[in-house]
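Novice: Input: one structure, supplied below.
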Amino acid sequence: MASNAQSEDREIFPSPKSMSSPAKRRKLTGRAFYESLGNPSYILAPMVDQSEFAWRLLSRSFLQPSQQSSLLAYTPMLHARLYKETQSYRDHHFQPVRTSFTSPSTQSEAYLDGNPINDRPLIVQFCANDPDDLLQAAKHVAPYCDAVDLNLGCPQGIARKGHYGSFLQESPNLIHSLVSTLANNLDIPVTAKMRVLDTREDTLRYARLLLDAGASWIAVHGRRREQKGHETGLADWTIIRYLRENLPKETVILANGNILGHEDLDQCLQKTGADGVMSAEGNLCDPGIFAGEEGRREGEKRGEYWVGKDGKGGWRMDAVLRRYLDILYRFVLGKDPPLRTPLFVPSKTGYNVQLDTSSPREPTPTTTPPPPIPQPAPHQYTIPSQQRPPRQPRRPTTPPQKTQTKPPRHTYHSPPTS
Ligand SMILES: Cc1cc2nc3c(=O)[nH]c(=O)nc-3n(C[C@H](O)[C@H](O)[C@H](O)COP(=O)(O)O)c2cc1C
């Protein structure tokens, strides 16, 4: 049984051979660097608390193994000063090698982040406002990633307080110094992720500043700094198009914003003329967003992708959760995932489909349908009376103690300020 599980994993996750580490090469920059990564046109955005190793692998797992390295991914934003200063922060946020107190020989064994077998190409993103902090932090991660990115887009209050992200927009000299320090002193390229400014001319000047400082590419989020929370609104692809038309042809531009479904990806590329398109929220809603039609067909075959009578469909939550847990088992814990019962597949014809239980993870319907079994009407869950749960006690008349409110969705709340 375990070997079954392993053979299926080989289909979902890349084997070392199909995703070998790019050879150590001389430092390439700009378009040459982008080409050396295989001209990736789909990009998994940096997302605090979201775009970690397991999520990146999950998102890649929907692509064919040979395609998985074509998805460029960013880590969540890391705080450069904390990363430079604090061992525990480093250990907690980026784990490229196995470490063991008992066996020092494991120190150089590739583990999770930036693993050349399954987590490349990878960009590590930092927020920073001090060039030396940024450089020292970047040196720690440089052996394990393809480039380091400077976050110039974070619009949250914590970034205002800590003076980083989009709140560096008013400090062009500092931005120049941050980018050029990495461009001049780091063994790998530096990139920058910016927001658009109030006018397209200002945005163009800003982009030029980044490129002149040595950024190998710019990822442009088509929303202004004020566009957040209830004011998020739509990203402006026309400004990205304007950059495309006014920057030298060899400039690599990644477009970001307004990607709700797979079909938006290519539309964005076409409308903006950008080299690549980056998705954050769309990818969170649908980690298979980059896979498209081919991925869906594969998913349907496996019973993981569900198509309704109206022809619309989506990845099943239970299937996605299994994939995610499998990643944690295999790559984080280093164990085979447990044997699981096959995914429940209801029959389209009103018959229950008998599943071949010889493979725990890839059910195949038997060829002869079993006799029809009356089905309850869809979406009617009836609990037999003897199994009904006991009635809940009445609500207390005094109002419950106020619980601590959760932080708002999608805020950057990890790194402390200052
Ligand atoms: C949960 C979440 C976390 C984010 N964290 C980061 C981050 O760490 N660094 C960054 O540059 N942008 C971050 N962003 C912004 C996204 O990278 C992206 O620029 C933005 O969401 C717009 O893209 P979208 O329209 O595809 O969502 C985050 C967005 C979300 C939703």
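The values are calculated or read from the model by the stated rules, or taken from the named source; none is laboratory data. Computed from a predicted model, the values in this text were never measured in an experiment. Cβ: placed from backbone, ideal geometry, glycine included. Neighbour counts: every protein chain shown.
Novice: Can you tell me which residue in the range 189-216 is farthest from the chain's Cα centre (by Cα), limited to those that are part of a loop (DSSP other than H, G, I, E, B) and under 23 Å from Val277 (Cβ atoms)?
Specialist: It comes out as Leu197.
Novice: Also: When you look at Ala255, is it in a loop (DSSP other than H, G, I, E, B), within 11 Å of the ligand (Cβ to nearest atom), of a type outside the set (Asp, Glu) and closer than 27 Å to Asn129 by Cα, yes or no? Lay out the reasoning, then the answer.
Specialist: Numbers: in a loop (DSSP other than H, G, I, E, B): no; within 11 Å of the ligand (Cβ to nearest atom): yes; of a type outside the set (Asp, Glu): yes; closer than 27 Å to Asn129 by Cα: yes.
When the stated conditions are applied, Ala255 does not pass them.
Novice: Within the range 285-316, work out how many residues are modelled with pLDDT of 95 or more and surrounded by fewer than 18 Cβ atoms within 10 Å (Cβ to Cβ).
Specialist: Of the residues in the range 285-316, 1 are modelled with pLDDT of 95 or more and surrounded by fewer than 18 Cβ atoms within 10 Å (Cβ to Cβ).
Novice: Give the residue that is farthest from the chain's Cα centre (by Cα), with candidates limited to residues of the range 47-80 that are within 22 Å of Glu304 (Cβ to Cβ), surrounded by 24 or more Cβ atoms within 10 Å (Cβ to Cβ) and of a type in the set (Phe, Trp, Tyr).
Specialist: Within the range 47-80, the match that is farthest from the chain's Cα centre (by Cα) is Phe62.
Novice: May I ask you to verify whether Lys84 is touching a His at 6+ places or on another chain (Cβ under 9 Å) and modelled with pLDDT of 95 or more?
Specialist: Criteria met by Lys84.
Results for (1) under 27 Å from Glu35 (Cα atoms); (2) within 14 Å of the ligand (Cβ to nearest atom); (3) of a type outside the set (S, T, N, Q); (4) at pLDDT below 95, shown as yes or no for each residue.
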{"site": "Pro189", "(1), (2), (3), (4)": "yes, no, yes, no"}
{"site": "Met194", "(1), (2), (3), (4)": "yes, yes, yes, no"}
{"site": "Thr203", "(1), (2), (3), (4)": "yes, no, no, no"}
{"site": "Asp212", "(1), (2), (3), (4)": "yes, no, yes, no"}
{"site": "Ala219", "(1), (2), (3), (4)": "yes, yes, yes, no"}
{"site": "Gly229", "(1), (2), (3), (4)": "no, yes, yes, yes"}
{"site": "Ile240", "(1), (2), (3), (4)": "yes, yes, yes, no"}
{"site": "Glu250", "(1), (2), (3), (4)": "yes, no, yes, no"}
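Novice: Restricting to the range 115-131, count the residues that are in contact with an Asp or Glu (Cβ under 9 Å, 6 or more places away or on another chain) and of a type outside the set (Phe, Trp, Tyr).
Specialist: The total comes to 7.
Conditions (1) touching a residue at least 12 places away in the same chain (Cβ under 8 Å); (2) closer than 21 Å to Ala280 by Cα, marked per residue:
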| position | (1), (2) |
| --- | --- |
| Leu186 | yes, no |
| Met194 | yes, yes |
| Thr199 | no, no |
| Thr203 | yes, no |
| Leu211 | yes, no |
| Gly214 | yes, no |
| Trp217 | yes, yes |
| Val220 | yes, yes |
| Arg223 | yes, yes |
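Novice: Same structure, new question: Identify all residues within the range 318-338 that are hydrophobic (A, V, I, L, M, F, W, C) and more than 16 Å from Arg60 (Cα to Cα); write none if there are none.
Specialist: Answer for the range 318-338, where residues must be hydrophobic (A, V, I, L, M, F, W, C) and more than 16 Å from Arg60 (Cα to Cα): Val332, Leu333.
Novice: Just the residues that are under 18 Å from Ile117 (Cα atoms) and in contact with a strand residue (DSSP E or B) (Cβ under 9 Å, 6 or more places away or on another chain), please, taken from the range 26-37.
Specialist: We begin by selecting, within the range 26-37, every residue under 18 Å from Ile117 (Cα atoms); these are 36-37.
The one that is under 18 Å from Ile117 (Cα atoms) and in contact with a strand residue (DSSP E or B) (Cβ under 9 Å, 6 or more places away or on another chain): Leu37.
Novice: Another question, if that's okay. Of the residues in the range 156-180, how many are in contact with a strand residue (DSSP E or B) (Cβ under 8 Å, 6 or more places away or on another chain) and either assigned to a helix (DSSP H, G or I) or buried (at least 22 other Cβ atoms within 10 Å of the Cβ) (or both)?
Specialist: In the first step, residues of the range 156-180 are kept if they are in contact with a strand residue (DSSP E or B) (Cβ under 8 Å, 6 or more places away or on another chain); the result is 159, 162, 164-166, 168-169, 175, 178-179.
Pick out the ones that are also either assigned to a helix (DSSP H, G or I) or buried (at least 22 other Cβ atoms within 10 Å of the Cβ) (or both) and you get 159, 162, 164-166, 168, 175, 178-179.
Of the residues in the range 156-180, 9 are in contact with a strand residue (DSSP E or B) (Cβ under 8 Å, 6 or more places away or on another chain) and either assigned to a helix (DSSP H, G or I) or buried (at least 22 other Cβ atoms within 10 Å of the Cβ) (or both).
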